[in-house]
Every structure is written in structure tokens, then in C-alpha cells.
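Okay, structure first, notes after.
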Amino acid sequence: MNRTEVSRTTKESSEQWIEKFPKVAAMQRDPRGLPIPANVSYESRTGKPIFAITDPIKEIELFCSQKCAVTGTFLDTEDVWFVTTPDLAFVPFGLLMEAPMCGEAKDFTLRVCPYFGIPNYNRLSDKQAMAMAPKLDAKSSGKILQTPAEFAAVRVSGFRGEPTAGGMRYLPSRHYKKIEFWKGRNCLRVIDSEHVMAEITKGIQKASEMFPRSKWPAWAEMSVDGHLNGHWPWAQPEMKDFLLQEARKLA
């Protein structure tokens, strides 16, 4: 699907769904009527939003103020979601590319068009992939130019963010509260309660087969050992200033 087709289908889907999502319906719109996510960049000359590029400074301001990256509204700790691909969601080496959002933004994004709220289609970076499986073909890692076949939406119990030269990266606590698998704008299955841990265990086993757990980096272990449960950036007074400082160094 080329960019023109993506734009057309996104607009059609947006018109169909937007009134069913009050927070999204209240968002600022572009001339086409599409809601503008709170974390997007703007073209300096024209002032037009660039949907495909997020602004790391805005993202930090938003999540450190306990706000959704898409709607800009309050982010309840019982409703913090990340939308990503299954490999990044469950393999501990996967750093998430997309900013935390509320459940309403998650539903709207996945029902309308993933390009709306989650423009970065990276699975494992080359470095992560090579660390996990040195013989892995380079074509299977790095930037994905087409929409992944399936998305995983995970409701988290904590996370931390880190600015990088390529934008913000997020390390969630992989003690997920709920998991949803989406394909073709439809939620295929939902996993919650005791079944969540079984899904997480599969990811840990997969990672261990690729790379001995004894040699995992500390941050990968941290994502599965419960250390990040209840870890919210907005609850740490100095975190916002620190992250903004680091992000500006990379700008």
C-alpha cells in the first residue's frame, strides 16, 4: 500500500470511528479532518504536522506529566498501553519504539490505521538481533518498510524511557496486565489473568535459546524480573529534567 492509499484509507476509517472515541474526537485536526497525535513533529516552514515523525521532547513532556502520547489526556496507571510487534513485546531484548498511550488511543489507532499513532516500524535493531542470534539474516532486523502482519498491544505495570539518537525507546515491565493481538484492524485474541505469564514465559524461553540468560544485559533482565513493576516516570521528580537534558544532547 503506497502513502496515498494509506492516507485515503486512514481518512475513511477515521471518519467511521472517531465519534466513538470521545478523547480522540476532542483532538486538534488537520485540514483533512484527521486528529493530530500530541507527540508528532511539525514542519518548521509550513507548521504542518508530520504524522510519520514523533518529537522526543514532546514525548518526554507527555509521559513525565502522566499524559497519553496520542490524545494528550491523563494516563491512568490502570490504562497504560504500548502497541508494538509480538517479537518486541515478548523477547526481553526488545526495546519498544512507540510511546505509552491510553486504551482509547490504542483502540482508535489499531482500528483506523497503525500509521496514525505508531509510525515507527522497527522490530529488533541490528545490534539486538545479532546479540540474540549472530547468524540471523540482517534483512530480518532493522527498519520495516511495510506494516507488520500482526500487532501486540500490552497493558503495562510500569516502564522507563530512554532518549537515543533514533528517538525514544521504552523498556516495559514485561509483567503485563493484559495482552491483545491485532491483525487487519481487528482484535484476534485477548490474554489476561494467569494466561499472561504463560505468554511471557514463551518469550523468555525463546530469548534463552538464542542467547544464554546468564549473559543477558542488566536492562533485559530488569524487564522480566519485576524490577519495573510500579515504575512510572511521572512519579520520579527529577526524571523529566534528566530525560529532557539527555534528549537535547542528541538533537
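The values are calculated or read from the model by the stated rules, or taken from the named source; none is laboratory data. Just so it is clear, the model here is predicted, and its values are computed rather than measured. Here Cβ is always computed from backbone atoms with ideal geometry, including for glycine, and neighbour counts include all displayed protein chains.
I'd like to know if region 159-178 contains one or more residues that are among the hydroxyl-bearing types (S, T, Y) and touching a Gly at 6+ places or on another chain (Cβ under 7 Å). Can you show your working first?
Quick first cut of region 159-178, residues among the hydroxyl-bearing types (S, T, Y) only: 164, 170, 173, 176.
Checking the rest, the ones that are also touching a Gly at 6+ places or on another chain (Cβ under 7 Å) come to 170, 173.
Among the residues of region 159-178, at least one is among the hydroxyl-bearing types (S, T, Y) and touching a Gly at 6+ places or on another chain (Cβ under 7 Å), which makes the answer yes.
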State which residue pairs qualify: first residue closer than 13 Å to I57 by Cα and inside region 231-251, second residue in a loop (DSSP other than H, G, I, E, B) and modelled with pLDDT under 95 in any location, beta carbons under 8 Å apart, and separation of 6 or more residues or different chains. L250/A165
Test L250 against the stated conditions and say whether it is surrounded by 14 or more Cβ atoms within 10 Å (Cβ to Cβ), of a type in the set (A, V, I, L, M) and closer than 21 Å to E98 by Cα. no
Looking at region 85-114, which of its residues are over 10 Å from the mean Cα position of the chain (by Cα) and part of a loop (DSSP other than H, G, I, E, B)? V91, P92, F93, G94, C102, C113
Might you let me know whether region 205-215 holds any residue that is in contact with a Ser or Thr (Cβ under 6 Å, 6 or more places away or on another chain) and closer than 17 Å to H175 by Cβ? no
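Yes/no matrix, rows are residues, columns are (1) over 23 Å from I200 (Cβ atoms); (2) out of contact with any Phe, Trp or Tyr (no Cβ under 9 Å at 6 or more places or on another chain):
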| residue | (1), (2) |
| --- | --- |
| L62 | yes, yes |
| S65 | yes, no |
| T73 | yes, yes |
| W81 | no, yes |
| L95 | no, no |
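Has region 67-84 got at least one residue that is assigned to a helix (DSSP H, G or I), over 13 Å from K23 (Cβ atoms) and not aromatic (F, W, Y)? Show your work before the answer.
Restricting attention to region 67-84, the residues satisfying the condition of being assigned to a helix (DSSP H, G or I) are none.
No: zero hits.
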Quick one: would you say S208 is touching a Leu at 6+ places or on another chain (Cβ under 7 Å) and among the hydroxyl-bearing types (S, T, Y)? no
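Name the residue, out of E238, E246, E209, E150, that is touching a Pro at 6+ places or on another chain (Cβ under 7 Å), at pLDDT 90 or above and of a type in the set (D, E).
On the way: E238 fails: touching a Pro at 6+ places or on another chain (Cβ under 7 Å); E209 fails: touching a Pro at 6+ places or on another chain (Cβ under 7 Å); E150 fails: at pLDDT 90 or above.
The match here is E246.
With the structure loaded, tell me whether R174 is closer than 26 Å to A69 by Cβ, surrounded by 14 or more Cβ atoms within 10 Å (Cβ to Cβ), basic (K, R) and touching a helix residue (DSSP H, G or I) at 6+ places or on another chain (Cβ under 8 Å) or whether it fails that test. Write out each step before concluding.
Working: closer than 26 Å to A69 by Cβ: yes; surrounded by 14 or more Cβ atoms within 10 Å (Cβ to Cβ): yes; basic (K, R): yes; touching a helix residue (DSSP H, G or I) at 6+ places or on another chain (Cβ under 8 Å): yes.
Yes; evaluated as a whole, the condition is true for this residue.
Within region 18-50, can you find the residues that are in a strand (DSSP E or B) and more than 15 Å from the chain's Cα centre (by Cα)?
Correct list: R29, P35, S41, Y42, P49, I50.
Here are S157, S214, S193: which of them is hydroxyl-bearing (S, T, Y) and surrounded by 13 or more Cβ atoms within 10 Å (Cβ to Cβ)?
On the way: S214 fails: surrounded by 13 or more Cβ atoms within 10 Å (Cβ to Cβ); S193 fails: surrounded by 13 or more Cβ atoms within 10 Å (Cβ to Cβ).
Result: S157 is the single residue among S157, S214, S193 that is hydroxyl-bearing (S, T, Y) and surrounded by 13 or more Cβ atoms within 10 Å (Cβ to Cβ).
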If you check A26, A105, which single one turns out to be surrounded by 24 or more Cβ atoms within 10 Å (Cβ to Cβ), farther than 24 Å from A247 by Cα and modelled with pLDDT of 90 or more? A105
Please go through region 196-251 and pick out each residue that is closer than 22 Å to F93 by Cβ, in a helix (DSSP H, G or I) and among the polar types (S, T, N, Q). T201, Q205, S208, S214
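Tell me the residue from E59, E19 that is without any contact (Cβ under 8 Å) to a residue 60 or more places away in the chain and not aliphatic (A, V, I, L, M), please.
Values: E59 fails: without any contact (Cβ under 8 Å) to a residue 60 or more places away in the chain.
Exactly one residue qualifies, and that residue is E19.
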